[in-house]
1. Can you confirm whether residue 337 is within 16 Å of the ligand (Cβ to nearest atom) and touching a helix residue (DSSP H, G or I) at 6+ places or on another chain (Cβ under 6 Å)?
2. Checking residue 326 against (1) within 28 Å of residue 131 (Cβ to Cβ); (2) free of Cβ contacts under 8 Å to residues at least 40 places away in the same chain; (3) within 16 Å of the ligand (Cβ to nearest atom), which single condition isn't satisfied?
3. Let me confirm something: among 346, 311, 331, which residue is assigned to a helix (DSSP H, G or I) and either at negative phi or within 16 Å of the ligand (Cβ to nearest atom) (or both)?
4. Quick one: what pairs do we get from the range 329-355, first residue more than 17 Å from residue 426 (Cβ to Cβ), second assigned to a helix (DSSP H, G or I) and more than 13 Å from the ligand (Cβ to nearest atom), C-beta under 6 Å, 6+ apart or different chains?
5. Please work out which one of (1) closer than 27 Å to residue 411 by Cα; (2) surrounded by 18 or more Cβ atoms within 10 Å (Cβ to Cβ) is the condition residue 155 fails and give its number.
6. Output the residue which, of all residues in the range 364-376 that are part of a helix (DSSP H, G or I) and either within 16 Å of the ligand (Cβ to nearest atom) or assigned by TED's automatic domain parsing to the domain that holds residue 208 (or both), is farthest from residue 204 (Cα to Cα).
7. Please pick out the residue among 361, 379 that is under 20 Å from residue 196 (Cβ atoms) and either away from the ligand (no atom under 16 Å from the Cβ) or within 19 Å of the chain's Cα centre (by Cα) (or both).
8. Return the residues of the range 87-107 that are in contact (Cβ under 8 Å) with a residue 12 or more places away in the chain and not in a loop (DSSP other than H, G, I, E, B); say none if nothing qualifies.
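The values are calculated or read from the model by the stated rules, or taken from the named source; none is laboratory data. Computed from a predicted structure; not experimentally measured. When we count neighbours, we look across all protein chains shown, and the Cβ atoms used for this are built from the backbone with ideal geometry, even at glycine.
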Ligand SMILES: *[C@@H]1O[C@H](CO)[C@@H](O)[C@H](O)[C@H]1NC(C)=O
């Protein structure tokens, strides 16, 4: 497949007046900002940080590149009359009819809409659930929270979200329903380089982590799993098809057609069920399913697909909830210890949600030793409640309903606390979805100071964290006990 060099093409030229205007406004804002916005009591380490940021911002405004940035804002109000694939009556959104020449069609659309080309690769997250109410009485509530989690993540990381709750191909039910939705999303979003399917029962448990898209530069499909288990063990759990990234290109159009071709819409559906059961001895249920179909294709057509399918096992691109949930408590503790020990105070500095990425990057140097995936104390990127069936309540009998239920609550509140923090609150207790506590200024290191102030046992107001927490570990334990953060 051709490299998407067109995506990196330069955007339309900058309008000089607009640029001058924006630079002027920007400089004016900087002046106002430097005179009025920061109280004189700002700690010196933060002062240094702000100084650096201001200098960088000032420098940026002087560079011509800044105008280029402004011109690259997406133009939502303009669809030129020139014909694109949308005007072709032969093009179909349905699974029944293949799409051809998609790379060229997409490229042409981008040429006509240059404001959507260039810049970071765009990602559309696609997820969904059934069209009718859930059988489980908590099911719809859980789906709402699972969805909220994805919306939160994508608001912070600038992905778009599409929720599909209809069957675009009536015969393709349950796990097969994602293929028509993903395919339609590819056509609806020619501006997106990637479509990211995420099952309704998978959630983000690290709101900071960003997809290492660079790593997938020469691949078209990314799934979580272990290549050696695919080839040596022929295991049904060697790969998980509940979360995947697929590049918006012709290869993917063809691959989806192939992948979904053993689904319930196929006359050979029954036969494929038998084939898959005979190959994958650890498969839990009979019938043809999409996970089997994917592993089968990778096994049988290795030369054809190996180069283009990235089997990600290095971090929790998706992870099994039973492995992850018991580790969340220690992970919270570790993160809090790091915040308390952080000399610069940057990690616990309050900030706008829009600049969360900047703080995520500050965290990276502290997480280097954490490792990734199993046994790591880094927050797991994504936790998948495989087998819990929140909507039907018909969970796998190997788990008790309680462990699925409490596992989901813990993970949801663990993730939600990360989001809430930028809104000034956190969950008190991961099993209590309702109760939140306000985050005191300078949290977590100043927690004890604030508590002391509240019971007036401390005469003078203390500033800075060092005095507040001479022994970080003792302090953390104190915070964990009092705040009941698990
Ligand atoms: C959490 O940390 C404690 C203390 O370091 C350790 O004993 C325990 O095994 C850890 N729990 C998990 C699930 O890793």
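1. Yes, satisfied.
2. (1)
3. 331
4. 341/472; 344/45; 345/45; 346/362
5. (2)
6. Per the criteria, the residue is 369.
7. None of the others qualify; the one that does is 379.
8. Matches in the range 87-107: 102, 103, 105, 106, 107.
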